1. So what's the net charge close to Ser94: Lys and Arg +1, Asp and Glu -1, counting the other residues with Cβ under 15 Å from its Cβ?
2. Which order results if Glu113, Glu79 are arranged by neighbouring Cβ count within 10 Å, fewest first?
3. In terms of the ratio Rg/(2.2 N^0.38 Å) built on C-alpha atoms, what value belongs to segment 1-109?
4. So which residue, out of Ile87, Ile246, Ile210, gets the largest mean-square fluctuation from a GNM of the chain using Cα contacts under 10 Å as springs?
5. Fewest to most neighbouring Cβ within 10 Å: what's the order for Asp188, Asp230?
6. Within a Cβ distance under 9 Å of Gln112, other residues only, what is the Lys/Arg minus Asp/Glu net charge?
7. Of Gly117, Gly108, Gly27, which is the most mobile in a GNM of the chain whose springs link Cα atoms less than 10 angstrom apart?
8. Mean-square fluctuation check for the chain, GNM, Cα pairs under 10 Å: which of Tyr229, Tyr153, Tyr144 is largest?
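A short reminder: the numbers here are calculations on the coordinates, not readings from a lab. Since this is a predicted model, take the numbers as computed values, not measurements. Methodologically, a virtual Cβ is constructed for each residue, glycine included, from the backbone with ideal geometry; neighbour enumeration extends over all protein chains shown.
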Amino acid sequence: MCGIYGCIGKTDIDKTKECILKIRHRGPDAWEVKEFAGAQLAHTRLAIIDVSDIAMQPMTDASNRFTIVYNGEVYNYIEIRKELESIGYQFRTSSDTEVVLNAFIEWGSSFQEKCNGMWALAIWDDLKKELFLSRDRFGIKPLYYYMEDDNFYFASEMKALFPVMKSRRINYSIFDRRNYFGYEATEDGVLREIKKIQAGHCAVYKYGNIYIERWWSTLENLITVPVKYDEQVEMLQELFENACAIRMRSDVPIGTALSGGGGFQRGSRFYEVHIR
C-alpha cells in the first residue's frame, strides 16, 4: 500500500507537502514531491518490489517527459518487462513501477489490458501538459479527485484533499437505503465536492477538462466454464495456484495467517484481512 497525490494548475509546494503527509501511514518508508511547470506529483512509499532508492517515486522515464505516481502492484510485471525488452526498452530498476510507466509509453491506455494486478496511478505528460489517471478492474485501490477554480487535485484518500478544499458538504444521498449500491456504482462519494475514478475506468485531464472512459467491463470479459465437474475443479485449481504464486513476487519477506479474519505480512508490517 502506497499513497499518491497530485495537483494540476496553480501549485503550492507547502500545501502539496501538507496533503501527502495526511496519508503518510500508507507509505511509511519514504515520501517525495516532484514539481513541474503547472503540476506537482507526490508519493508516499511502502517498499515491496525493488526497495532501493532508485525505484522511488515520483518516477520519470529516460526522456524526462513522463512521470508516474503509482499505488498498487502489477503481478505480471516480469512478463510485461520481457515483452518491452524484446522491443528495445532498457530498465534502470527491477520495480514494477518502471514497467508500468514504460508500458504506458509504448501502448498508451491499452497497456491496462495487459496488466494483472491492482492499482491506482497517475502519469503526467510534461510535453502535452496532460494527466492520465487509471484505476484497476475492480477498484481495489482507491482514487479520488477534486476540481475547483481550474485546478485539479487527486489522491488515494479523501482527507489528503482537505487542505486544498474551500468547503466540504456531506452527500446524504449515498446513505439512502434505496441507493444501496450507489456508492460503488457511481462516481459520487461521501462529500459532494469529491468524486472518484470508478473501478475499471481511466481518465485524461487537460486544460481544465476531464475526460473519463470505461476500459474494463466484467460482463464483456466472462470466461467459458467447462461443463464437466472434474474439468471445473482442474480449472479452478490452476487459476488459484497461479493467482497465489504470482502474488508472492516480493523483495521483502511474506507471511500469511488465517484466524477469525486473516492477514498477510510484508517485512515487519502485518495487514489484517477480514473475510466475510
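1. Working: positive: Arg81, Lys82, Arg92, Arg249; negative: Asp50, Asp53, Glu73, Glu79, Glu85, Asp96, Glu98, Asp251.
Combined, the nearby Lys, Arg, Asp and Glu give -4.
2. Numbers: Glu113 11, Glu79 14.
Fewest to most other Cβ atoms nearby, the residues stand as Glu113, Glu79.
3. On the way: Rg = 14.1 Å, N = 109, 2.2 N^0.38 = 13.1 Å.
In units of the 2.2 N^0.38 Å rule of thumb, it is 1.08.
4. With Cα springs under 10 Å in the chain, the top fluctuation among Ile87, Ile246, Ile210 is at Ile87.
5. Details: Asp188 17, Asp230 8.
Ascending Cβ contact count within 10 Å gives the list Asp230, Asp188.
6. It works out to a net charge of 0.
7. Result for the chain, Cα springs under 10 Å: Gly108 fluctuates most.
8. In this elastic network of the chain, the residue with the biggest mean-square fluctuation among Tyr229, Tyr153, Tyr144 is Tyr229.
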